[in-house]
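A.B. asks: Have a look at this one.
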Amino acid sequence: MDHNRVIIFDTTLRDGEQSPGASMNLEEKVRIALVLEEMGVDVIEAGFPIASNGDFEAVEAVAKAVRNSVICGLARATRGDIERCAAAIKPAASGRIHTFLSTSPLHMKYKLQMEPEKVLEKVAESVAYARSLTDDVEWSAEDGSRTEHDFLCRCVEAAIKSGARTINIPDTVGYAVPDEYAALIEMLFNRVPNIDKAVISVHCHNDLGLAVANSLAAVGKGARQIECTINGLGERAGNAAMEEIVMALRTRPDRMPFKTGIKTENITKASRLVSTITGFVVQPNKAIVGKNAFAHESGIHQDGVLKHAQTYEIMTPDSVGLHRSHLVMGKHSGRAAFKAKLKELGYDLGDNAVEDAFNRFKDLADRKKDVFDEDIVALVDDAVVRG
Ligand code: KIV
Ligand code: ZN
């Protein structure tokens, strides 16, 4: 594979589903998976098969329905989890077992109540067992960003030796900052023997709003898989948002010369489907997919965009699957946008009539938060009737 190609691993159906209230049924998971496949996602993490019979069946159904993406299931470091996962992904054209174990002092002491040497033993054992059931095994060091470096290196080395093809270093609690996380990835490349035998993956949570920045910083140091979700869905504050990662790479190749296989024109469709199915409304000012991401209200901006879109747009609406940007008519709008709106609504008025309608529109915008096309039609028609 091209050295600058970044693998997009989508976990909307697994980590995304762990957002409280975002659970999806089998049919909904298959619908989303097909949209992810169509948009060119490399790996779809479809669920956690041991979690419930429903989740097992959903992973299995996704594995049957999707042909062009790798289908992955999550498993803890136990034989039962790994076997259940292997069974669920069996129908896939390409399947992956993703097994994980905590490696940070906090998690080992309080959550696992296990000594580090025992954890290390279990890493090797679980990865080797998963490899006995499938060729494609990913291993994650849960809470990797808060793990002591020497121990993390030993665990990663053991996982690679046992056959893991992908090594994931999650920032499980969204604690890392970009330069620190990038340095962690660089440290692994410098210190772990045979690290080039595996793809290094990142999985960042957004507790400090840094998930996308951390993921991109890690790619700059050699990570070549990013785990992310549509709309940034996921545990607590969510995961890195796929649309932000992909569009950042597409928009700034001068600073980040990396490619993905994502057809970015499918982003809006995927975002709307995930929002409709989960009931998680996308905030209006959300980057890339928020309803205001390509909307302009200030008169100065509207005038600029009408003259040349790039004055206030760094990517085209087409590139994310929107047909056009949107001039919002409000109290900050200027004459240029108002005239463009009149034209769009089919009016061809003389200068005096435009001026009259514009003044009345401004009065209305002072009183009313949202001025809709219908309001403009009403005030123009009224002006025409009044002569
Ligand atoms: O956040 C995390 O550490 C995870 C792992 C299971 C990969 O979701
Ligand atoms: Zn996670």
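A.B. asks: Over every pair of different alpha-carbon atoms in segment 82-162, take the mean of 1/r and invert it; report that Kirkwood radius in Å.
C.D. replies: By the Kirkwood definition, the hydrodynamic radius is 13.0 Å.
A.B. asks: Can you give the convex hull volume per residue for the Cα atoms of the chain, as a whole number of Å³?
C.D. replies: Hull volume over Cα atoms, normalised by residue count, gives 148 Å³.
A.B. asks: Under a Cβ-only charge scheme (Lys and Arg +1, Asp and Glu -1), can you give me the dipole magnitude of segment 119-163 about the Cα centre, in debye to the nearest 20?
C.D. replies: 100 debye
A.B. asks: If each of residue 150 and residue 332 carries a label point 7 Å out from its Cα toward its Cβ, how far apart are those two points in nm?
C.D. replies: 5.5 nm
A.B. asks: A follow-up question, please. Treating only the Cβ of Lys, Arg, Asp and Glu as charged (+1, +1, -1, -1), what charge dipole size does segment 67-171 show about its Cα centre? Round to the nearest 20 debye.
C.D. replies: Roughly 380 debye, rounded to the nearest 20.
A.B. asks: Report the Rg/Rh value for segment 1-157, based on alpha-carbon coordinates and the Kirkwood definition of Rh.
C.D. replies: We get a ratio of 0.99 for segment 1-157.
A.B. asks: Enter the angle in degrees (range 0 to 90, nearest 10) between the Cα long axis of helix 335-344 and the first principal axis of the Cα atoms of the chain, meaning the one along which they spread out most.
C.D. replies: Tilt of helix 335-344: around 90 degrees.
A.B. asks: Rounding to the nearest 20 debye, state how big the charge dipole of the chain is about its Cα centre with +1 on each Lys and Arg Cβ and -1 on each Asp and Glu Cβ.
C.D. replies: Dipole size: approximately 300 debye.
A.B. asks: Going down the list 263/368; 64/291; 339/368; 122/221, which pairs span over 31 Å between their C-alpha atoms? Show your work: numbers first, answer last.
C.D. replies: Numbers: 263/368 39 Å; 64/291 34 Å; 339/368 20 Å; 122/221 28 Å.
Checking Cα-Cα distances, 263/368; 64/291 exceed 31 Å.
A.B. asks: Choose one of 137, 158, 106: the residue whose Cα lies farthest towards the positive end of the charge dipole of segment 102-160 (beta-carbon charges +1 Lys, Arg; -1 Asp, Glu; about the Cα centre).
C.D. replies: After comparing all options, I get 106.
A.B. asks: Using a Gaussian network model of the chain with C-alpha springs under 10 Å, which one of 192, 137, 274 is most mobile by mean-square fluctuation?
C.D. replies: Greatest mean-square fluctuation among the candidates belongs to 192.
A.B. asks: 222 nm [θ] for the chain, helices only, -39500 (n - 2.57) per DSSP H run of 4+, per residue, to 500?
C.D. replies: Calculated from helices alone, the mean residue ellipticity at 222 nm is -13000 deg cm²/dmol.
A.B. asks: Still on this structure: For segment 284-326, just list the percent of Cα-Cα distances falling in each 10 Å bin from zero outward, please.
C.D. replies: It works out to 30, 59, 10, in whole percents.
A.B. asks: With the convex hull built on the Cα atoms of segment 6-77, state its orientation-averaged projected area in nm². Don't jump to the answer; show the numbers that get you there.
C.D. replies: Working: hull surface 19.5 nm².
Here the figure is 4.9 nm², rounded to one decimal.
A.B. asks: For a footprinting-style exposure proxy, rank 1, 24 by other Cβ within 10 Å, fewest first.
C.D. replies: 1, 24
A.B. asks: Quick one: if the Förster radius is 30 Å, what FRET efficiency do residue 375 and residue 265 give, using the C-beta to C-beta distance and rounding to 0.05? Please list the in-between numbers first.
C.D. replies: On the way: r = 32 Å, r/R0 = 1.08.
With R0 = 30 Å, the Cβ-Cβ based efficiency is 0.40.
A.B. asks: Output the relative contact order of segment 264-387, whole-number percent, from Cα pairs under 8 angstrom with separation of 6+ residues.
C.D. replies: The value is 22 percent.
A.B. asks: Moving on to the next point. Find out how many positive minus negative residues lie around residue 202, taking Lys and Arg as positive, Asp and Glu as negative, among other residues whose Cβ is under 11 Å from that of residue 202.
C.D. replies: Numbers: positive: 221, 224; negative: 171, 227.
Taking every other residue near residue 202 into account, the sum is 0.
A.B. asks: Here is a further query. With r defined as the distance between the Cβ atoms of residue 183 and residue 125 and R0 fixed at 22 Å, what FRET efficiency is calculated, to the nearest 0.05? All intermediate terms of the calculation are to be shown ahead of the outcome.
C.D. replies: On the way: r = 30 Å, r/R0 = 1.37.
Efficiency for this residue pair is about 0.15.
A.B. asks: Per the Debye formula with a single identical scatterer at each Cα and no solvent contribution, what log10 I(q)/I(0) holds for segment 59-109 at q = 0.19, 0.20 Å⁻¹?
C.D. replies: Scattering profile of segment 59-109, log10 relative to I(0): -0.60, -0.64.
A.B. asks: Can you grab the distance from the C-alpha centre of segment 359-379 to the C-alpha centre of segment 294-354, Å, no decimals?
C.D. replies: Each part's Cα centre sits 16 Å from the other's.
A.B. asks: On a full-extension model of 0.36 nm per residue, what is the gain between residue 5 and residue 87, subtracting their alpha-carbon distance, rounded to one decimal in nm?
C.D. replies: Result: 26.5 nm gained on full extension.
A.B. asks: Moving to a separate point now. Stokes-Einstein D for segment 173-283 at 4 °C, 1.567 mPa s, Kirkwood Rh over Cα pairs, in µm²/s?
C.D. replies: 88 µm²/s
A.B. asks: Suppose the chain between residue 111 and residue 64 were pulled fully straight at 0.36 nm per residue; how much longer would it get relative to their current alpha carbon spacing?
C.D. replies: 13.4 nm
Every read-out reported here was derived from the displayed coordinates using simple, explicitly stated rules and does not represent laboratory data. Bear in mind the structure is a predicted one, so any value in this text is a computation, not a measurement. As a convention, Cβ positions derive from the backbone with ideal geometry for all residues, glycine included, and neighbour counts pool all protein chains shown.
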